[in-house]
């Protein structure tokens, strides 16, 4: 990291992460932790909230214009549900890690259980899995395309998926 903090084994020593623990000023850990908190948690979270809120405003505007369409109203509810689940997924994965980092920085030298340090680390590393899982569980078109891509769709599925459209 070019002299700015360092990576060390964290938690149960099964993965590496930023050095939250060292109190030696040689590594400038506090500034690095704050940088990570701001640019790897706060800025992405703000961006997610902004982009998803813009998406929801657009979906609601289209749904309002086509108020008589039941399928449009259903699509709006599905998109809203997916957005809420995506934001919650981000928070569940990264809020514990970001909170733990700030807690460690503010409580230097205080004892803590290494098993507790493993949980936020594992959640943040598992975050790469939640987006596809959410899409597969909540989006029929995504599920259909995944089946088709994996060669798991039947003959009837191909026709329906190629003709399906999403109304928004």
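Axis of helix 140-149 versus longest Cα principal axis of the chain: the two differ by about 80°, to the nearest ten degrees. Over the residues of the chain, the helix contribution to mean residue ellipticity at 222 nm works out to -22000 deg cm²/dmol, using -39500 (n - 2.57) for each DSSP H run of at least 4.
Average projection, convex hull of the Cα set of segment 58-115: 5.8 square nanometres. For the chain, the longest principal axis of the Cα atoms and the long axis of helix 114-125 meet at an angle of about 40 degrees. With q set to 0.11, 0.12, 0.13 Å⁻¹, the log10 of I(q)/I(0) for the chain, from the Debye formula over equal scatterers at the Cα positions, is -0.65, -0.72, -0.79. To the nearest 10 degrees, how steeply does helix 127-138 sit against the main Cα axis of the chain, on a 0 to 90 scale? Taking the Cα atoms of the chain, the angle to 127-138 is about 20 degrees. Here r is the Cβ-Cβ distance between residue 113 and residue 91 and R0 is 25 Å; the resulting FRET efficiency, rounded to 0.05, is 0.60.
Here, each number is a calculation from the coordinates, and none is a lab measurement. These numbers were taken from a predicted model, which means no experiment stands behind them. Neighbour counts are summed over all protein chains in view; Cβ atoms, including those assigned to glycine, are modelled from backbone coordinates with ideal geometry.
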